[in-house]
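The values are calculated or read from the model by the stated rules, or taken from the named source; none is laboratory data. The structure displayed is predicted, hence computed values, not measured ones. Cβ coordinates were reconstructed from backbone atoms using ideal geometry, including for glycine residues, and neighbour counts include every protein chain displayed. Areas reflect the complete protein model, heavy atoms only, side chains present, ligands, DNA and RNA absent. Shrake-Rupley method; radii C 1.70, N 1.55, O 1.52, S 1.80 Å.
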Amino acid sequence: MTKRMRLGVFEVAAVQVGGTLSWPHPRSRSIEYRDPRYWVEVAKLLDTAGFDFLFFAGGYGYPTVQGRLHPLSVTGGINFPGIDPSYLIPVLAYETERLGFVFTSGTGLDHPVQTARTFSTLDHLTGGRVGWNIVTGASQDTIARLFGHDEMRKHDDRYDQADEYLELALRFWETAWDDDAVEEDRDAVRYADPAKVHEIEYTGEYYRSGGWYATPPSPQRTPVLFQAGTSARGRAYAAHNAECVFVQGTTVAATKANVADIRARAAAEGRDPDAIRIMVGVTVTVGETHEAAVAQRAEFDALQTDEVVNVLYSGNTGIDLLSLDPDRSLEQLVPEGAVGQLGQSNIDRFLPKDGSPAPTVRQILDQLKGRGTRGFQVTGSVTEVADELESLMDETDLDGFLLEPIFAPADLEDFARWVVPELRRRGRLPEEPSTGTLREQLIGSGPHLTTHFGTSLTR
């Protein structure tokens, strides 16, 4: 049986996606990111083409070198500046029929009740088409300083906090109101049944809450739970909590291992490992011919420099590559035997694996110029692109891809016009796009989250 391919698009409400330099190119319109009409155009394109969701990355961080905002980040528009994408979602939902919308929200800044109300509201306004990409925060202390703190919690500690954060949010979404609590009876002047609206009492290590959740249950109750991160602790968190996981992947072998590990961890948690949707980022440059696609991709590559990708990488990791010995690996940053303590996906990908040597800083810079922190790079004709996407799915057990355009929205238009019909012809995409809530479309289950932490959720 041919496995169905799931498709999302990775975007940011900022100058350009992926942290690389692309906005000056005539094929790119991403500089229009502050205009809701631009995003409506993108959303309608994806909705009609049958994509599952539009994903917005985001956050309060920015690229720094030695604690200072890098000037090239400002002049080049590299991961700086940006706007809050969550405010776009009601507009985009109103203009579309079935497309889902996912955005990033951290677990270390707001109280869970604030996040719960935001997602309940958006789930109502979208008719059940919203998802939450759960992040624990970046490694740098720039965000901590911005919010008046001295430093961030350690990497693994942030995941412990995130477990508790989600647990409390789920209490609000899943247990505060019974399914039939809302009556809306005009004749009886009775909006809801008080006996079916329940007080929440919660005391944890990181959070406390007591009282009533004042937002009625939305079509999905809980947004579809997404998680990104390929560190060991991130995979454990994903296996326990996530319905859809984005893995960092640049090689078939590493991606296959990460997918297998997440599914095995999920099975150990008592979950159906095949019910988790696991996706990887891919940048697709497609042309009418192989040569046309290669020429188009070369125009993007020509814009990238050591300085550009160094700003990008420092923004994700806090590491200034240009200050390091170019002939040594990232192991120069830590004492012997302490490499694993760094624990972040964009660092781990350049550390030694399976006995193979780690790349030097010079090699890292060259790799970043070719892809940034993006995933797989697929360039070619329609047939070549479809062949490679199918091969990646079959070899790694992935469920689909998160398209990371280099020239938006032109790359998405090309994919929708040329590649989507070919994938439909091969049986990888349905003839008619799916409908319903985002959970129904993406997971294939009912509209609501029914189990979590290995137990049934009771209301």
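Details
- Of residues in the range 297-311 being in contact with a Leu (Cβ under 7 Å, 6 or more places away or on another chain) and outside any helix (DSSP H, G or I), the one least open to solvent (accessible area, probe 1.4 Å): 304
- All positions within the range 368-392 that are of a type in the set (S, T, N, Q) and in contact (Cβ under 8 Å) with a residue 12 or more places away in the chain: 373, 377, 379, 381, 383
- Residue list for the range 158-188, filter: among the hydroxyl-bearing types (Ser, Thr, Tyr) and open to solvent by 20 Å² or more (accessible area, probe 1.4 Å): 175
Rundown of residues vs (1) open to solvent by less than 40 Å² (accessible area, probe 1.4 Å); (2) out of contact with any strand residue (DSSP E or B) (no Cβ under 7 Å at 6 or more places or on another chain), yes/no style:
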| residue | (1), (2) |
| --- | --- |
| 352 | no, yes |
| 362 | no, yes |
| 365 | yes, yes |
| 389 | yes, no |
| 393 | yes, yes |
| 404 | yes, no |
| 409 | yes, yes |
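- Of residues in the range 127-147 being at pLDDT 95 or above and open to solvent by 10 Å² or more (accessible area, probe 1.4 Å), the one nearest to residue 66 (Cα to Cα): 129
- Screening the candidates 191, 213 for the property of being at pLDDT 95 or above, open to solvent by less than 20 Å² (accessible area, probe 1.4 Å), among the aromatic types (Phe, Trp, Tyr) and farther than 24 Å from residue 84 by Cα yields one hit, 213.
- Scoring residue 118 on the criteria (1) open to solvent by 30 Å² or more (accessible area, probe 1.4 Å); (2) in a strand (DSSP E or B) leaves a single failure, condition (2).
- Residue 150 out of contact with any Leu (no Cβ under 6 Å at 6 or more places or on another chain), open to solvent by 20 Å² or more (accessible area, probe 1.4 Å), over 22 Å from residue 319 (Cα atoms) and part of a loop (DSSP other than H, G, I, E, B): no
- Selection from the range 2-58 of residues that are within 19 Å of residue 308 (Cβ to Cβ), in a helix (DSSP H, G or I) and of a type in the set (A, V, I, L, M): 31
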